[in-house]
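The next block holds one structure in the form of structure tokens; read it before the comments.
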2 protein chains.
Amino acid sequence: MKKFGLYNKFSTVPGKADELADILIKAADLISGAHGCRLYIVNKDQKNSNKVWVTEIWDSEEEHSASLSIEGVKELISEALPLLAGPPEQTKLDVLGGKGI
Amino acid sequence: MKKFGLYNKFSTVPGKADELADILIKAADLISGAHGCRLYIVNKDQKNSNKVWVTEIWDSEEEHSASLSIEGVKELISEALPLLAGPPEQTKLDVLGGKGI
């Protein structure tokens with residue numbers, strides 16, 4: 001099972017994590033139907049109330065990249081940008097195996 | 001969809017990441033059948049060849065904790081320990097929503 005994985009860490013301006021999470025859950029609705037998307041999960045960090053994480057798994061990195069131009073996603077990115085304290089940090093992964101997708 | 005999520009970061013001694021990943025994939029076979037386990041995925045970090053990540057999603061943190069005493073898991077932990085350069089680092093998450101589990 002060789003797939004592309006991604007942890008996206010979003011740091012928000014104080015008090016805006018829930019609002020950002022709501023936007024990302026809307027994005028999940030649009031993106032999760034895209035070709036090659038196996039997982040798109042929105043999380044809050046238990047220890048840091050201004051961090052939101054998105055866990056993604058895709059059949060390929062190319063399919064992930066293509067998802068950023070899905071209709072409606074750019075509009076959600078525009079809504080999210082003012083809530084961020086800085087650029088998202090990404091950890092790119094080679095998914096080796098396991099269960100659940 | 002309120003669930004418990006976990007990113008586990010394992011740092012290995014040089015050259016041992018593949019061996020650790022194989023052990024963790026064996027652990028996935030044992031753990032993924034446990035009550036409450038929704039996701040258990042083993043990954044290598046694309047940028048750092050001595051890092052292995054496990055992404056987990058559980059119905060509750062208690063069910064995750066119980067999984068560490070599943071038969072066979074302790075033996076795999078013993079096999080893994082000599083490969084590690086230090087203790088695993090955990091990021092605990094509140095899973096809010098999304099798709100794929």
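In this entry, A:GLY86 is excluded by the filter for residues that are in contact (Cβ under 8 Å) with a residue 40 or more places away in the chain and either within 11 Å of the chain's Cα centre (by Cα) or under 16 Å from B:ASP94 (Cβ atoms) (or both). Put simply, of A:LEU20, A:LEU39 the only residue that is surrounded by 19 or more Cβ atoms within 10 Å (Cβ to Cβ) and under 15 Å from A:LEU83 (Cα atoms) is A:LEU20.
Quick check: is even one residue across the stretch A:44-67 over 14 Å from the mean Cα position of the chain (by Cα), within 18 Å of B:ASP45 (Cα to Cα), at pLDDT below 95 and not β-branched (Val, Ile, Thr)? Checked the stretch A:44-67: no residue is over 14 Å from the mean Cα position of the chain (by Cα), within 18 Å of B:ASP45 (Cα to Cα), at pLDDT below 95 and not β-branched (Val, Ile, Thr). Scan the stretch A:51-73 and tell me whether some residue there is under 16 Å from A:PRO14 (Cβ atoms) and within 13 Å of chain B (Cβ to nearest Cβ). Yes, the stretch A:51-73 contains at least one residue that is under 16 Å from A:PRO14 (Cβ atoms) and within 13 Å of chain B (Cβ to nearest Cβ).
Filtering A:VAL95, A:VAL13 for residues that are out of contact with any Asp or Glu (no Cβ under 7 Å at 6 or more places or on another chain) and farther than 24 Å from B:ALA21 by Cα leaves a single hit, A:VAL13. One residue stands out in the stretch B:14-26 among those that are among the aliphatic types (A, V, I, L, M) and more than 9 Å from every other protein chain (Cβ to nearest Cβ): the one that is nearest to B:ILE77 (Cα to Cα), namely B:ILE23. For the stretch A:30-47, the condition holds for no residue, the condition being that it is more than 8 Å from chain B (Cβ to nearest Cβ), small (Gly, Ala, Ser), touching a residue at least 24 places away in the same chain (Cβ under 8 Å) and out of contact with any Ser or Thr (no Cβ under 8 Å at 6 or more places or on another chain). The set of residues in the stretch A:1-14 being of a type outside the set (Gly, Ala, Ser), part of a strand (DSSP E or B) and either modelled with pLDDT under 95 or more than 10 Å from A:TRP58 (Cα to Cα) (or both) consists of A:TYR7, A:ASN8, A:LYS9, A:PHE10, A:THR12. B:VAL13 - would you say it is over 14 Å from the mean Cα position of the chain (by Cα), of a type outside the set (D, E, K, R) and either surrounded by 14 or more Cβ atoms within 10 Å (Cβ to Cβ) or over 24 Å from A:ILE31 (Cα atoms) (or both)? Spelling it out, B:VAL13 is indeed over 14 Å from the mean Cα position of the chain (by Cα), of a type outside the set (D, E, K, R) and either surrounded by 14 or more Cβ atoms within 10 Å (Cβ to Cβ) or over 24 Å from A:ILE31 (Cα atoms) (or both). There is no residue in the stretch B:62-73 that is under 30 Å from A:ILE25 (Cα atoms), in contact with a strand residue (DSSP E or B) (Cβ under 6 Å, 6 or more places away or on another chain) and among the charged types (D, E, K, R).
Could you look through the stretch B:64-81, keep only residues that are of a type outside the set (Val, Ile, Thr) and touching a residue at least 40 places away in the same chain (Cβ under 8 Å), and pick out the one that is surrounded by the fewest Cβ atoms within 10 Å (Cβ to Cβ)? The selected residue is B:GLU71.
With respect to the conditions (1) surrounded by 15 or more Cβ atoms within 10 Å (Cβ to Cβ); (2) modelled with pLDDT under 95; (3) more than 26 Å from B:ILE25 (Cα to Cα), A:LYS99 lacks only one, and its number is (3).
The values are calculated or read from the model by the stated rules, or taken from the named source; none is laboratory data. Keep in mind that this is a model prediction, so the values were computed, not measured. Using ideal geometry, Cβ is built from the backbone for each residue, glycine included, and neighbour counts are taken over all protein chains shown.
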